[in-house]
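What follows is a single structure, written as structure tokens, with notes after it.
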Amino acid sequence: MSFIPKEFADSFKGGGGRNDYLSPSKVKADGQVRFCILAPEPLCYFEVWGEDETGKSKPFRFAHEATSDEIEQEMGANYKRRIKDDGTEEPQKLAMAMPVYNFDAKRVQVLSITQKGLQKELDEISQVEEYEDMSTWDFVMTKSATVSPDMYGLRPVPRKAATQTAIDSAWDEAVKNGFDISRLLTGGHPFKRD
């Protein structure tokens, strides 16, 4: 039996936040997560990470591929581009973000994908006629530690009929509370009105 009551257990996992984001890098090694997409298309943008003098990281997002000057201007005096192990600046990456229902967390989250392999798999799946409406399918994202620490997989699976009510209820609640994924582009939070 757990020392922490079940209704409070999720509050301290993942740093104590609301856990509004689903990140492929946070999937456990040799683990998987099942989710469904809640929007007809993703929000696509370019992302670059900056660090302040204490090492705190922050994402900076752009609707287009930004120039070095645009990145520097957006970061201002308090942030510098994150540096890779080889001493060079981390490049900006194409990112795709979308609202999803995470079946394990039983809630709406924002899935942000910068991994090219996952982006390619998602795009290839969407081009198969049977998967044209991506919001009617569930997806299982896997992370393999056996092959490589960053080897991801994605496969569509049929939706279980009994889950649709929970999905609709969670999505309706998020929308009612002002969910807006485009806030990512202005440094805002999709679940919090400005």
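The values are calculated or read from the model by the stated rules, or taken from the named source; none is laboratory data. As the structure is a prediction and not an experimental result, all values here were calculated from the model. FYI the Cβ positions are ideal-geometry reconstructions off the backbone, even for glycines, and counts take in every protein chain you see. Accessible surface is based on the protein model in full, side chains and every heavy atom, while ligands, DNA and RNA are left aside. Shrake-Rupley method; radii C 1.70, N 1.55, O 1.52, S 1.80 Å.
At a glance:
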item: Among (1) 9, 38, 38, 13, 2; (2) 8, 30, 37, 20, 5, 0; (3) 9, 34, 34, 20, 4, 0, the entry derived from the coordinates for P(r) over Cα pairs in 10 Å bins from 0, in percent; result: (2)
item: Accessible area (Å², per residue) of the chain, counting only protein heavy atoms and a probe of 1.4 Å; result: 64
item: Dimensionless Rg/Rh of region 127-183 - Kirkwood Rh, Rg from C-alpha atoms; result: 1.09
item: Candidates Ala161, Ala170, Ala145: whichever shows maximal mean-square fluctuation once the chain is modelled as a Gaussian network with Cα springs under 10 Å; result: Ala161
item: Candidates per trypsin sites (Lys or Arg not before Pro) in region 24-91, loop by DSSP, up to 12 other Cβ within 10 Å; result: Lys28, Lys56, Lys84
item: Net charge of Cβ neighbours under 15 Å - reference Gly87; Lys, Arg +1; Asp, Glu -1; result: -1
item: Difference of contour (0.36 nm per residue) and Cα-Cα distance, Ala63 to Gln32; result: 8.1 nm
item: Within the accessible area of region 76-194 (1.4 Å probe), percent carbon and sulfur; result: 51
item: Additional length obtainable on full extension of the chain from Cys44 to Lys160, 0.36 nm per residue less Cα span; result: 38.9 nm
item: Cα gyration tensor shape of region 31-115, rounded if a/c is under 1.5, else prolate or oblate by comparing a/b with b/c; result: prolate
